[in-house]
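There's a structure below that I have some questions on.
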Amino acid sequence: MDRRLLGIYIHIPFCASKCGYCDFYSLAGCDYLMPEYHEALLAHLEESAESIRNYEVDTIYFGGGTPSYYGADRIAEVLDMLKLNGNVRTDAEITVECNPDSVSRRALKLMKAEGVNRLSIGLQATDDNLLRMIGRRHTYQQAVNAIEDAREIGFDNINIDLMYGLPTQTKQDWAETLARTVGLHAEHISVYGLKLEPGTPMYREYCNSPVLPDDDEQADMYSYAAQMLNRYGYHQYEISNFCAPGFLSRHNLKYWELDDYMGFGPGAHSCIGHLRYSYIKDLKGYITGVARGTSLVDEYNNLDAMERAAEYLMLGMRTAKGISERDYRTLCQSDWRPIEKTLKIFEEKGWTVANGERWHFTVPGYLVSNQLISILLEVQASGRIENTPWLSELFDAEDRTEMPPSEEELFRELYRQTTQT
């Protein structure tokens, strides 16, 4: 009998310095803990070998933090452990996130020799002034050099991460970043709008600042990226992700399609069937817990049918593949009719489209996807759109638009109509 497929995520919580916008669990100035963490990580993987052997591992993803800062030698040792104790397929997609300032030709050669076949380069912007402003340690030229080195060494699957909505960034700046990035011929491009998270340096400095592009400007930047990348042959298959034909991120698809994956490292999440769990966001606690054999689990949840249905909606609607009645009934065993009725109302506004039996957002729909998904979840929970009359009033009042209101405008309108009912 064929084994089920499994993705493995390895969290590397070390950075040379923290970017001003980052709220992921990562630490700067903790290099002295790398050897202890590495020992704990290898031990944890070895302890988990029996569970991993029940699967065929078809994707491995090193994220962070900054895996390239952690070092290619340590990454190679982790891969050796997985190959020894697991069932890593020969055609597995193996991704390593790299920052241009911390990846060398030697490191690239070693990772390539160990089976790494996909790189994710954190470029973010092509303007060095913007890079300095957000706390990046590299220059645009360093990123170009890293990508050229990777090509010479034989990497033919490279993702580039970009950010828009940065302080002082204009639409012309963003257009130039996209043009330069397309010129690098990456197989995959991810674009993320800046979100100021409480507790980060950029939140303290720029929250409500007039130097930030407003919601409408961010919406324009996103729409331009979607149109421009499509024109150059990059297919949008998820809200933030675009790829050349055949270069979807197989590992990230596991998250959006509710496939099985196991995470290792502090703060890492796992999804096995209906089971969801995550480990503590505490580097020293993780190291000590592995050594002492104590529990590392921070959160644990065995999803019921309604929670599973909500996950399917939230994650499926992030993708161009979207959702379908057949999948919904098979996975969730829930009533599809109120969902379809709501999707048809969205379609009248230009926010969704049906391709055969599958529904997905349009580009304008992606811009307000958080609000639309919230509406779908409320309809799902109530079982009937008529049970949420304020939604019906909103739909009746809205005209079809090619570009919907910004997220902030839509939120204010929803709030106003809610409080009046």
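What are the lysines whose alpha-carbon lies under 30 Å from the alpha-carbon of Lys195, with same-chain residues fewer than 8 places away excluded?
Lys18, Lys171, Lys254, Lys281, Lys284, Lys321, Lys349
Right, something else. So what J values fall out for the stretch 188-201 if you push phi through Karplus, 6.51 cos²θ - 1.76 cosθ + 1.60 with θ = phi - 60°, rounded to Hz, Gly and Pro as x?
Those phi angles translate into 8, 10, 10, 10, 10, x, 4, 10, 7, 9, x, x, 8, x Hz.
Could you point to the label whose value was computed as Rg and Dmax of the Cα atoms in Å for the structure here, given (i) 30.8, 106; (ii) 21.9, 61; (iii) 22.2, 64?
Matching entry in (i) 30.8, 106; (ii) 21.9, 61; (iii) 22.2, 64: (iii).
In addition: Quick one: net charge around Met202, please, counting Lys, Arg +1 and Asp, Glu -1 for every other residue with C-beta under 15 Å from its C-beta. Could you put the intermediate results ahead of the total?
On the way: positive: Lys18, Arg132, Arg136, Lys195, Arg204; negative: Asp23, Glu197, Glu205.
After counting each charged neighbour, the total is +2.
With each label point set 7 Å from Cα along the Cα-Cβ vector, what nm distance links Thr288 and Arg106?
Result: 3.6 nm between the two label points.
Counting only helical runs of four or more DSSP H residues, what would the 222 nm mean residue ellipticity of the chain come to if each run contributes -39,500 (n - 2.57) and the total is spread over all its residues? Write out the running numbers ahead of the final one.
Working: 19 runs with 192 residues, N = 421.
Helix-only estimate at 222 nm: -13500 deg cm²/dmol.
Around Asn54, with a cut-off of 9 angstrom between Cβ atoms, what is the net charge of the other residues, counting Lys and Arg +1 and Asp and Glu -1?
Values: positive: Arg3, Arg4, Arg53; negative: Glu50.
With Lys, Arg at +1 and Asp, Glu at -1, the net is +2.
Can you sort Trp359, Trp174 so the residue with the fewest Cβ neighbours within 10 Å comes first? Intermediate values should be presented prior to the final figure.
On the way: Trp359 23, Trp174 28.
The fewest-first ordering by Cβ neighbours comes to Trp359, Trp174.
Mind listing the lone cysteines of the chain, meaning no other Cys beta-carbon sits under 4.7 Å from theirs?
Cys15, Cys30, Cys98, Cys207, Cys243, Cys271, Cys332
Counting only C-alpha contacts under 8 Å and six or more residues apart, can you give the relative contact order of the stretch 247-296 as a whole percent? Could you put the intermediate results ahead of the total?
Working: 54 pairs, mean separation 11.0, N = 50.
Dividing the mean separation by the residue count of the stretch 247-296 yields 22 percent.
Report ³J(HN,Hα) in whole Hz for each residue of the stretch 246-262, in order, from the Karplus equation J = 6.51 cos²θ - 1.76 cosθ + 1.60 where θ = phi - 60°; Gly and Pro get x.
x, 10, 4, 6, 5, 5, 4, 4, 4, 5, 7, 10, 6, 7, 7, 8, 10
Moving on to the next point. Could you compute the net charge surrounding Ala310? Neighbours are other residues with a C-beta less than 13 Å from the C-beta of Ala310; K and R count +1, D and E count -1. Present the calculation step by step, with values, prior to reporting the outcome.
Details: positive: Arg276, Arg308; negative: Asp304, Glu307, Glu311, Glu378.
Value of the local net charge: -2.
Comparing Asn241, Asn129, Asn157, which has the greatest mean-square fluctuation in the GNM of the chain with Cα pairs linked when under 10 Å apart?
Of Asn241, Asn129, Asn157, the most mobile in the Gaussian network model is Asn129.
Tally the DSSP beta bridges in the chain and give the antiparallel ones as a percent, rounded to 5. Could the numbers behind the result be given before it?
Values: 23 of 58 bridges.
Close to 40 percent.
Here's a follow-up. Mind ranking 38-48, 185-195, 348-358 by how tightly packed they are, going by the mean number of other C-beta atoms within 10 angstrom, highest first? Walk me through the numbers on the way to the answer.
On the way: 38-48: 17.5, 185-195: 19.5, 348-358: 15.4.
Highest-to-lowest ranking by the protection proxy: 185-195, 38-48, 348-358.
Here's another thing I want to ask about it. Got a sec? How would Phe155, Phe14 order by Cβ neighbour count within 10 Å, fewest to most?
Details: Phe155 18, Phe14 21.
Least crowded to most crowded, the residues run Phe155, Phe14.
Could I ask something else about it? May I ask what percent, to the nearest 5, of DSSP beta bridges between residues of the stretch 121-280 are antiparallel? Display every interim value, and only then the final one.
Numbers: 11 of 20 bridges.
In the stretch 121-280, DSSP labels about 55 percent of beta bridges as antiparallel.
How far is it, in nm, from the label point at Tyr32 to the one at Glu197 when both lie 7 Å from their Cα along the line to the Cβ?
Placing both labels 7 Å beyond Cα along the Cβ direction yields 2.6 nm.
Take Asp91 and Ala244, extend 7 Å from each Cα along the Cα→Cβ direction, and tell me the distance between the two endpoints in nm.
The two pseudo-label positions are separated by 2.0 nm.
No lab work stands behind these numbers, since they all come straight from the coordinates. All figures in this text were calculated on a predicted structure; none of them were measured in a lab. No Cβ is skipped: glycine too gets one built from the backbone with ideal geometry, and neighbour counts run over all protein chains shown.
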